[in-house]
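The values are calculated or read from the model by the stated rules, or taken from the named source; none is laboratory data. Everything quoted here is computed from the prediction, not taken from an experiment. Every residue, glycine as well, gets a Cβ built from its backbone with ideal geometry; the counts of neighbours run over all protein chains shown. Surface accessibility is based on the protein's heavy atoms, side chains included, excluding ligands, DNA and RNA. Shrake-Rupley method; radii C 1.70, N 1.55, O 1.52, S 1.80 Å.
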Amino acid sequence: MTTCAAPSYLDKYGVPLTPDELVHHKAINFFSEHSREVMDWKYMMNGEIISRRPGSNMLVNNSDVLLSCGLEGLGLVHALRTALEPHIQSGRLKEVLTDYAPVTKPVSVLYPDRRYLLSKVRVFIDWFCEVFARKYQE
């Protein structure tokens, strides 16, 4: 996860320096389609997980819409780093709150009952776990 905004948004509204300052900013917030609840933005602060919900400019339940709104400067976005990385690299988005580590999303692999697990599925799961372990130990 990472928190970003378009340079045009940051020029107009300023850069939040702490998660507590998020309440003074507009955000494109993601909500759960199942529960209809707005997803909190979670960070590590002083060794503890904190949850913050920025002031909301828009609520979306689609990651493409979230990205499009962020790129247009409509508010801060908090989303998967892999989705935002190309736009960070190009300069279309700027990371904020880099001194506060965001809490990662858990990843699960679902498969049928273990009694019937094919060996190629087991190999894939092992490979998948190894790739994630390497990527996040860097």
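Annotations
- Set GLU72, GLU21: member being in contact (Cβ under 8 Å) with a residue 12 or more places away in the chain and over 30 Å from GLU130 (Cα atoms): GLU72
- Enumeration of residues in the range 2-20 that are hydrophobic (A, V, I, L, M, F, W, C) and open to solvent by 30 Å² or more (accessible area, probe 1.4 Å): VAL15, LEU17
- Hey, GLU95 exposed (fewer than 15 other Cβ atoms within 10 Å of the Cβ) and either among the small types (Gly, Ala, Ser) or within 15 Å of ALA6 (Cα to Cα) (or both) or not: yes
Condition check ((1) in a loop (DSSP other than H, G, I, E, B); (2) over 14 Å from the mean Cα position of the chain (by Cα)) across all residues:
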| site | (1), (2) |
| --- | --- |
| LEU17 | yes, yes |
| LEU22 | no, yes |
| LYS42 | no, no |
| ILE49 | no, yes |
| LEU67 | no, no |
| LEU74 | yes, yes |
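- Residue check, VAL60 surrounded by 14 or more Cβ atoms within 10 Å (Cβ to Cβ) and not small (Gly, Ala, Ser): yes
- Single match in VAL23, VAL107 (criterion: β-branched (Val, Ile, Thr) and touching a helix residue (DSSP H, G or I) at 6+ places or on another chain (Cβ under 7 Å)): VAL107
- Every listed requirement among (1) without any contact (Cβ under 8 Å) to a residue 12 or more places away in the chain; (2) outside any helix (DSSP H, G or I); (3) surrounded by 13 or more Cβ atoms within 10 Å (Cβ to Cβ); (4) of a type outside the set (A, V, I, L, M, F, W, C) is met by ARG36 save one, (3).
- LEU97 vs. criteria within 16 Å of the chain's Cα centre (by Cα) and either within 25 Å of PHE132 (Cβ to Cβ) or touching a residue at least 12 places away in the same chain (Cβ under 8 Å) (or both): yes
- Any hit, the range 42-57, residues being open to solvent by 70 Å² or more (accessible area, probe 1.4 Å) and among the aliphatic types (A, V, I, L, M): yes
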